[in-house]
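Enquirer: Let me begin by handing over the structure; questions about it come next.
The values are calculated or read from the model by the stated rules, or taken from the named source; none is laboratory data. If you're wondering where the values come from, they're calculated on a predicted model, not measured in any experiment. So basically every Cβ, Gly included, is an ideal-geometry build from the backbone, and we count neighbours across all protein chains shown. Calculation scope for accessible area: heavy atoms of the full protein, side chains included, ligands and nucleic acids excluded. Shrake-Rupley method; radii C 1.70, N 1.55, O 1.52, S 1.80 Å.
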Amino acid sequence: MTHSTQQAILLLADGHVFYGQAFGKIGTTTGELCFNTGMTGYQEVFTDPSYSGQILIMNNVHIGNYGVKDADVESDTVKIRGLIARNLEEQFSRFQAKGSLSDYLIANNIVAIEGVDTRALVTHVRTKGAMNCIISSEITDIEKLKSELAKCPDMDGLDLASGVSTKEEYELGDTSSTLKVAVLDFGIKKNILNCLVERGAHVRVHPANTTLSRLKEFNPNGYFLSNGPGDPAALPFAINTIKEILAEDKPLFGICLGHQLLALANDIPTFKMHHGHRGLNHPVKNIISGLCEITTQNHGFGVDPEAVRKHANVEVTHLNLNDDSIEGIRLKDKPAFSVQYHPEATPGPHDSRYLFDDFVKMMKS
Amino acid sequence: MPIDNSIKSVLIIGSGPIIIGQACEFDYSGSQAARSLREEGIKVILINSNPATIMTDPMMADKVYLLPLTVESIEQILDENQIDAVLPTMGGQTALNLCKEAEELGVWVKYNVRLIGVDVAAIDTAEDREKFRQLMFKIGIKVAPSHVANSFLEGKEFAQEIGFPLVIRPSFTLGGTGGSFVHNKEELDSALERGLKASPIHEVLVEKAVLGWKEYELELLRDKNDNVVIICTVENLDPMGIHTGDSITVAPAMTLSDTSFQDMRNQAILMMRSLGNFAGGCNVQFAQNPETEELIAVEINPRVSRSSALASKATGYPIAKIAAKLAIGYSLDELKNQITRTTSAYFEPALDYVIVKMPRWNFDKFKGANDTLGLQMKSVGEVMSIGRSFTEAIQKACQSLENDAVGLGYYGKSLMKSEEIVEYIKIPKWDRIFRIKDALMQGVTVKTISQVTGIDKWFVHQIQIICNIEKEIAKHSADTLPNDLLKEAKKNGFGDDQIAKILHGDCTDEQVYEKRKALGITRVYKMVDTCSAEFEAKTPYFYSTFEN
């Protein structure tokens, strides 16, 4: 923890106020409030593009203990809009670390607040649901904060993916590989690409609005739909492209937002969850194999379970053991499947990496 | 496939006398297991030679035998009762050794009793250092270079080969009995002799010592379908070289990155899955090279232990209770989280607080005993504290030791000069944490302390925070103490009594209490709920803390 005497204020959309101390950049920030229960991997979480537009509460009480390291990122910049924690640490300890969390947040222009009763705050979010909030270490007038907060858009119906998707195409992996994957990027995490490249794939990453004809020019063996932030239903262009991809009958794998988009492309609606799933300990059962896996999750939208079950051509493959939510689906007549959770993890358990093997097998057969 | 209906009665073997080296953990786990099995309608018969336990209370089991823990006693019980299965994983090494002895004599086969929760081969592999080493080699997990010696001469030969510092670890002993560090040639002979003598099979492991590496423990559960979860990750504040039972330990791990933790998690799961065929709890210990983050496996214990009892209390996840259910055939996804009652037992607890376990020694009652800490556990008990920061938790732990410690630092302030203290803390003794605080108060740097003790500097920094607050408080009397400072002190675990002692002028703890009460700086109560408040808890427990 710091001994910063500069006060910071957190105001929620429902009027609740929490006080704490300023950390990171001195300033003001708004976003949708959410919490992550993971106990390791804060830097990977902060740089995960799926957190775009969100102000994150870390439930774990000490954050920053092992500093930051260049390799431990999921994208090139910090993607969260703001950070809330009980104790943010300036002093860190790790031989391999490059610097402190404090300097890192300042360099990335991230406003943070510490000393907050995060447990009370999380209980509030759990009860009242996701809502917008504002953190400020410069404005002390609550009325002024309220008017600033009112400018923050509602997450429902928001296309955030286009903003974090790559602007230019790029390629990774062995260019001579016969295993070629065309990736649609909605805010992809680096380690998803690593997991594909490690398995011998040559990948080309495309902006979210790329057309099928352009994807096909890569002559891919399979298609991949990435994770990403925001409301999947706000991406009709991507849903159309996925419908066209499905007509190609090539292997298709989707993660998180990619999973929701695959559902939407099959006319299964998605919905905004009460407060989402974010953490490294979510229990999932593979109902095909009967085995269980501890998964990393980060999503505020889900696919409609009833519509999935009624669908003649879609099968549930994975279920959440806590709340029975849909964690994985596959098409009965096509080599297409997707999961709501993050098999690439980082941070989180490696239990589900087999899904990348399955995808590779599918492309090879 | 849920419960195995062919099991109608189970024999639980207790751990016998509670000795130095234990913390009543087997009484706790045995009681939990008995309750857990009876809940399923299974008849529980219990044997323990120690009547001074909760598990031998008449209401805990259907039938309690207070008999010596011998094969004869087991045969007597099997003669008198129809027993379908024996659960040996709740009584520590004592129960496992007895179970193994009975197995070798063919007792279980004779009476048609199934061994549940573990198999004998797994016990052997975990306890026999050479078998363990070979298994690790087979599955590609690094261990410290070592050799098994069955004679004094062999031991000496291997010691020459491996080089100093070394560890001598006797096979099949509890709490590190008979084990020791050997820093040079002069210490070798007596250490070898002691080790061979302590082992029931006259066998020791001569092992390279990884002194100064960081030590971590993982508590795992595995079911018959090979589902594995990590219940708790515990970081030892004290580095390798001090028995875990004598180390100050912290949960969750404080200085572990996700890459390193996942590496550890993957290795632990692989180790547990390759260790025979059993369902239940397991503890795996690792040493981590702080520079390279390279790991070596230290040991695996396929049973509930002192650390699983701690992990249960630390997370709210009742390991022994669930382990007993796994032993009778349930899989983790068929069971519910016992605290939330709505979510799955197949999950990994998330903590939104810090746990500190601090051992309690009684060297004043053992005059002449060597009070240097090492491989053999010397503490006679332990306290566990919960706080919303490490500083709060460690101060609460110090306050709970039932000695004169009033928080961290009021344990008879040392009269040593800083250079003397730096020398003193090089050797781990029971009062090292207090002397580290003294050193920081005298201006010794965090870096120096970390270097000479091997304690990660993050922890030393945290103690520095406590010192800084103490120095600030010391500038004031009760009247001039600023409100923010008082609040800060309470949030960092300072007791009213401790603050009163630090303030100058005559001040009592009542005065501090009245002052903070008037300012509204009062306790709030938080839950231990296994899930960091993500879900509503039905049967949580509480701890007190201070928030804004």
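Enquirer: Could you tell me the distance between the Cα centroids of segment B:180-217 and segment B:71-143, to the nearest Å?
Expert: After rounding, the separation between the Cα centres reads 26 Å.
Enquirer: If I take R0 = 45 Å and measure r between the Cβ atoms of B:Ile139 and A:His274 in this structure, what FRET efficiency does the formula 1/(1 + (r/R0)^6) give, to the nearest 0.05?
Expert: 0.55
Enquirer: Same structure again: Can you divide the C-alpha Rg of segment B:395-548 by 2.2 N^0.38 Å and report the result to two decimal places?
Expert: My calculation over the Cα atoms of segment B:395-548 gives 1.16.
Enquirer: Using every alpha carbon pair in segment B:365-457, what percent of pairs falls into each 5 Å bin from 0 up to the bin containing the largest distance?
Expert: The percentages, shortest bin first, are 2, 12, 21, 22, 24, 14, 4, 0.
Enquirer: Related question: Quick one: Kirkwood hydrodynamic radius for chain A, alpha-carbon pairs, angstrom, one decimal?
Expert: It works out to 20.8 Å.
Enquirer: Evaluate peptide B:529-537: per residue, the Cβ atoms of other protein chains within 10 Å of its Cβ; return the mean as an integer.
Expert: So the per-residue partner count for this stretch is 6.
Enquirer: Give the share of C-alpha pairs in each 10 angstrom bin for segment B:162-229, from 0 to the last occupied bin, in whole percents, shortest bins first.
Expert: P(r) over segment B:162-229, rounded to whole percents: 20, 36, 24, 15, 4, 0.
Enquirer: While we're looking at this one, here's another question. For segment A:225-295, what does the convex hull of the Cα positions come to per residue, in cubic angstrom?
Expert: For segment A:225-295, the hull spanned by Cα atoms encloses 117 Å³ per residue.
Enquirer: What trypsin sites (Lys or Arg not before Pro) does segment B:344-395 have in DSSP loop regions with at most 13 other beta carbons within 10 Å?
Expert: For trypsin sites (Lys or Arg not before Pro) across segment B:344-395 that sit outside H, G, I, E and B with at most 13 neighbouring Cβ atoms in 10 Å, the list reads B:Lys367.
Enquirer: Still on this structure: Using Stokes-Einstein with the Kirkwood hydrodynamic radius over Cα pairs, what translational diffusion coefficient do you get for segment A:161-364 at 4 °C and a viscosity of 1.567 mPa s, in µm²/s rounded to a whole number?
Expert: 78
Enquirer: Calculate, axis by axis, the spread of Cα positions in segment A:292-365 along the three principal axes, and write the results as whole Å, longest axis first.
Expert: 35, 34, 20
Enquirer: Is there a simple number for the mean count of other chain Cβ atoms within 10 Å of the Cβ of residues in B:483-491, and what is it?
Expert: Per residue, the average neighbour count from other chains is 1.
Enquirer: Mind listing, in residue-number order, the residues in segment B:262-283 that have at least 10 Å² less accessible area with every protein chain present than in their own chain alone (1.4 Å probe)?
Expert: By number: B:Gln262, B:Arg265, B:Asn266.
Enquirer: If you place +1 on the Cβ of every Lys and Arg, -1 on the Cβ of every Asp and Glu, and leave all else neutral, what size is the dipole of segment A:125-192 about its Cα centre, to the nearest 20 Debye?
Expert: Approximately 320 debye in magnitude.
Enquirer: Could you calculate, for segment B:214-372, the ratio of the Cα radius of gyration to the Kirkwood radius, expressed as Rg to Rh?
Expert: So for segment B:214-372, dividing Rg by the Kirkwood Rh gives 1.00.
Enquirer: Round to the nearest 10 and give me the degree value, 0 to 90, for the angle of helix B:71-80's Cα axis relative to the longest principal axis of chain B.
Expert: 70
Enquirer: Go from 0 up to the bin containing the longest alpha carbon distance in the protein assembly as shown, width 10 Å each, and give me the % of pairs per bin.
Expert: Bin by bin from 0 Å, the calculated values are 2, 12, 20, 23, 20, 14, 7, 2, 0.
Enquirer: With N set to the number of residues, divide the alpha-carbon radius of gyration of chain B by 2.2 N^0.38 Å and report two decimals.
Expert: Chain B yields a ratio of 1.00.
Enquirer: Using only alpha-carbon positions, what ratio does the radius of gyration of segment A:7-149 give when scaled by 2.2 N^0.38 Å?
Expert: 0.97
Enquirer: Under a Cβ-only charge scheme (Lys and Arg +1, Asp and Glu -1), can you give me the dipole magnitude of segment A:7-149 about the Cα centre, in debye to the nearest 20?
Expert: Roughly 240 debye for segment A:7-149.
Enquirer: Moving on to the next point. Give me the summed buried accessible area for the A-B pair, 1.4 Å probe, to the nearest 100 Å².
Expert: Roughly 4600 Å² of accessible surface disappears when A and B pair.
Enquirer: On a 1.4 Å probe surface of the protein chains, which of A:Phe356, B:Phe172 comes out largest in accessible area, and what is the full order?
Expert: The residues order as B:Phe172, A:Phe356, largest area first.
Enquirer: Can I ask one more? Choose one of B:Gln376, B:Ile12, B:Thr233: the residue whose Cα lies farthest towards the positive end of the charge dipole of chain B (beta-carbon charges +1 Lys, Arg; -1 Asp, Glu; about the Cα centre).
Expert: The listed residue farthest towards the positive side: B:Thr233.
Enquirer: Based on the alpha-carbon set only, what is the convex hull volume of segment A:53-136 divided per residue, in Å³?
Expert: Convex hull volume per residue, Cα atoms: 99 Å³.
Enquirer: Let me know the charge dipole size of chain A about its Cα centre in debye, to the nearest 20, where only the beta-carbon of Lys, Arg (+1) and Asp, Glu (-1) is charged.
Expert: 340
Enquirer: Another one. How tilted is helix B:432-441 with respect to the longest principal axis of chain B? Cα atoms for both, answer in degrees (0 to 90, nearest 10).
Expert: 20
Enquirer: Three principal axis extents, largest first, for the C-alpha atoms of segment B:107-179, in Å?
Expert: 49, 28, 21 Å, listed from the longest principal axis down.
Enquirer: How far is helix B:92-104 tilted off the main Cα axis of chain B, in degrees rounded to 10, range 0 to 90?
Expert: 10
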